[in-house]
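Peer 1: This structure is in structure tokens; I'll ask about it shortly.
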Amino acid sequence: GLALRAGDHCNQPLLRKLGLAATARASFYFYNVREEVDRLVEGVEKARRYFAG
């Protein structure tokens with residue numbers, strides 16, 4: 001599968017400048033397949049719709 005990490009990713013100055021407490025990032029590797037990436041995109045789109053109202 002894919003790993004999704006949340007936090008400051010050692011980038012606190014930029015996050016402060018952007019007014020963010022944390023971000024999320026996906027970690028891919030050469031063994032990931034397209035279906036896994038498609039599932040990630042679907043999940044991000046679903047979260048965006050949910051939080052957009």
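Peer 1: Take the residues in the range 1-20 that are open to solvent by less than 100 Å² (accessible area, probe 1.4 Å) and in a loop (DSSP other than H, G, I, E, B), then tell me which one is modelled with the lowest pLDDT.
Peer 2: That would be Gly1.
Peer 1: Here's a follow-up. Please enumerate the residues belonging to the range 28-46 that are surrounded by 10 or more Cβ atoms within 10 Å (Cβ to Cβ) and either touching a residue at least 40 places away in the same chain (Cβ under 8 Å) or in a loop (DSSP other than H, G, I, E, B) (or both).
Peer 2: Answer for the range 28-46, where residues must be surrounded by 10 or more Cβ atoms within 10 Å (Cβ to Cβ) and either touching a residue at least 40 places away in the same chain (Cβ under 8 Å) or in a loop (DSSP other than H, G, I, E, B) (or both): Phe28, Asn32.
Peer 1: Residues to consider are Arg25, Arg49; find the one that is open to solvent by 100 Å² or more (accessible area, probe 1.4 Å) and touching a residue at least 12 places away in the same chain (Cβ under 8 Å). Walk me through how you get there before you give the answer.
Peer 2: Working: Arg49 fails: touching a residue at least 12 places away in the same chain (Cβ under 8 Å).
Criteria check complete, one pass: Arg25.
The values are calculated or read from the model by the stated rules, or taken from the named source; none is laboratory data. What you see is a predicted model; the values in this text were computed from it and never measured. Here the Cβ is made from the backbone with ideal geometry for all residues, glycine too, and neighbour counts use every protein chain on show. Ligands, DNA and RNA are stripped out before the accessible areas are found, and what is left, the full protein with its side chains, is counted by its heavy atoms. Shrake-Rupley method; radii C 1.70, N 1.55, O 1.52, S 1.80 Å.
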